[in-house]
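The values are calculated or read from the model by the stated rules, or taken from the named source; none is laboratory data. All of these numbers come straight from a predicted model, not from anything done at the bench. Every residue, glycine among them, receives a Cβ derived from its backbone with ideal geometry; neighbour counts consider all protein chains shown.
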Amino acid sequence: MDDVNPREGDLPSPVDPVDPPPSSDQSAYTPPTWDVPDSEATETSGQYAGYGWRVLGYLIDAIILGAVLGIASRLLSLGVYGDFAVGFVLRGLYAGILIASWRGQTLGMRVAKVVCVDAATRGPVPLAQSMIRAFSAELFAAISLFGLVGSLAQLTDFVWPIWDKMNQTLHDKIGRTVVLR
């Protein structure tokens, strides 16, 4: 009957000797680098967006902006230079404001499920940085009006992600951003 009630020395210890106690040293801890607000709406894996996904987003945005600018051109009748100036400003504001305020995406980027983030932190892109990125893209487009050399500059910006290890365009590099899927 003595075997029914174990002695005090026979009880198992509360700490299992196989698993050491957790260390309080946090020097080896690396915080996560991918944090997009409201990420359930933008399911990205944190991988660089492929060229095709970027082009798809760009084309959708181009169709939307083309329609809006076409209507504005008919209503305002500003002439070629006025249309160019209005288009330059509206396209830059469209991309800059939406990327900074709408989870790093324009409408086309949302459809293509790609997101623009800060290259260093992988966090949201602040408005000033987003505007630098957007208007540098617009400058490459505006340079194309100056003949073959200008067109080559815009083409270079457009195709740069094909060989870039981070799939960045030149305006991504200027704006210090990357596009992820």
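The table for this structure:
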quantity: Of residues in region 152-180 being without any contact (Cβ under 8 Å) to a residue 60 or more places away in the chain, surrounded by fewer than 16 Cβ atoms within 10 Å (Cβ to Cβ) and not in a helix (DSSP H, G or I), the one nearest to the chain's Cα centre (by Cα); calculated: 176
quantity: Residue within region 118-129 that is in a helix (DSSP H, G or I), surrounded by fewer than 18 Cβ atoms within 10 Å (Cβ to Cβ), in contact (Cβ under 8 Å) with a residue 40 or more places away in the chain and not charged (D, E, K, R) present; calculated: no
quantity: Residue 90 vs. criteria surrounded by fewer than 16 Cβ atoms within 10 Å (Cβ to Cβ), in contact with a helix residue (DSSP H, G or I) (Cβ under 7 Å, 6 or more places away or on another chain) and either in a helix (DSSP H, G or I) or not basic (Lys, Arg) (or both); calculated: yes
quantity: Positions within region 94-152 being touching a His at 6+ places or on another chain (Cβ under 7 Å) and not polar (S, T, N, Q), in sequence order; calculated: 133, 137, 140
quantity: Test: residue in region 134-146 that is of a type in the set (Phe, Trp, Tyr) and farther than 12 Å from residue 171 by Cβ; calculated: yes
quantity: Residue within region 138-151 that is under 22 Å from residue 55 (Cβ atoms), in a loop (DSSP other than H, G, I, E, B), in contact with an Asp or Glu (Cβ under 8 Å, 6 or more places away or on another chain) and modelled with pLDDT under 95 present; calculated: no
quantity: Test: residue in region 108-115 that is without any contact (Cβ under 8 Å) to a residue 24 or more places away in the chain and either of a type in the set (A, V, I, L, M, F, W, C) or assigned to a helix (DSSP H, G or I) (or both); calculated: no
quantity: Qualifying residue in region 45-65 (condition: without any contact (Cβ under 8 Å) to a residue 12 or more places away in the chain, of a type in the set (Gly, Ala, Ser) and farther than 23 Å from residue 170 by Cβ); calculated: no
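One line per residue, one yes/no per condition, for (1) over 30 Å from residue 164 (Cβ atoms); (2) at pLDDT below 95; (3) part of a helix (DSSP H, G or I):
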residue: 17; (1), (2), (3): yes, yes, no
residue: 31; (1), (2), (3): no, yes, no
residue: 58; (1), (2), (3): no, no, yes
residue: 72; (1), (2), (3): yes, yes, yes
